[in-house]
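All remarks here apply to the structure that follows.
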Amino acid sequence: MNLDKFDLSILSVLQRDARASLQDVSAAVGLSTTPCWTRIKRMESEGVIQGYTVRIDPAAVGFAESVIVQVTLESHNDETLVEFGRMLEEIPEVIEAYLISGDYDYYIRIAVRDTRDYERLLRQKLYRIPGIRHSRSSFVLRTLKQSLLPLRTSAATEEAAPPKSESRSARAGARKSRPH
């Protein structure tokens with residue numbers, strides 16, 4: 001899907017505040033509500049917008065520690081990789097998991113309450129997954145940066161005129177509120 005400057009602006013607004021009203025998004029990007037709504041719906045259906053969420057302070061809900069675990073598997077056949085991924089899906093404390101290149105096969109971020117909680121998770125869940133050859137854990141001491149995607153600096157931000165269906169008269173069309 002090709003994204004123009006209006007699409008990227010919409011994404012930028014929603015990335016900062018997924019609860020922004022359609023009117024607020026429209027005003028911020030310079031489109032009326034109807035074409036803005038159409039673009040949002042198109043990006044949702046195309047999978048560019050994958051959902052709307054809330055950022056939660058992990059410590060405020062009892063997950064004071066974050067652990068980075070690097071895992072190497074015994075085997076790299078498709079069945080092993082699929083099964084490992086499936087089993088990670090069943091561990092709620094695993095909040096991110098990536099198949100990576102390099103010395104390890106997976107990079108996993110786990111949310112835990114404390115070191116005892118992490119020890120329990122290792123023994124009762126992670127180490128019961130068959131096929132793990134080696135793992136290395138590191139506790140996150142401090143988060144230095146968490147960022148939104150740099151949409152405005154993307155190569156896709158080329159100036160693009162709105163499609164003919166979004167002419168000036170279309171942008172001046174009816175006002176609708178976004179039902180999210």
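Please treat every number below as a calculation from the coordinates, not as lab data. Fair warning: this is a prediction, and the values are worked out from it, not measured in the lab. Glycine also receives a Cβ, built like all others from the backbone with ideal geometry; neighbour counts cover every protein chain displayed.
Listed values, structure above:
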item	result
Loop trypsin sites (Lys or Arg not before Pro), region 27-60, which have at most 13 other Cβ atoms in a 10 Å radius of their Cβ (DSSP)	ARG55
Label point distance in nm, VAL61-ARG116, each placed 7 Å from Cα along Cα→Cβ	2.3
DSSP-loop chymotrypsin sites (Phe, Trp or Tyr not before Pro) across region 1-108, with at most 13 other Cβ within 10 angstrom	TYR52
Rounded if a/c under 1.5, otherwise prolate or oblate - region 23-98, Cα gyration tensor axes	oblate
Inverse of mean 1/r across different Cα pairs in region 58-139, Kirkwood, Å	13.0
J(HN,Hα) series, region 72-88, from Karplus relation 6.51 cos²θ - 1.76 cosθ + 1.60, nearest Hz, glycine and proline x	10, 9, 5, 10, 10, 6, 4, 4, 5, 5, 5, 5, 4, x, 4, 5, 5
Rh (Kirkwood; distinct C-alpha pairs) - region 1-127, Å	17.8
For region 130-142, Karplus couplings with θ = phi - 60° (6.51, -1.76, 1.60), whole Hz, Gly/Pro x	x, x, 7, 8, 8, 9, 9, 10, 9, 7, 6, 7, 7
Amide H partners (placed H, <5 Å) of ALA97, local residues excluded	ARG109
Long-range amide H partners of ILE49 with built H, under 5 Å	GLU44
Amide H partners (placed H, <5 Å) of LEU73, local residues excluded	ASP105, ARG133
Inter-probe distance in nm under a simple model that places probes 7 Å from Cα toward Cβ, at ASP78 and ARG19	4.5
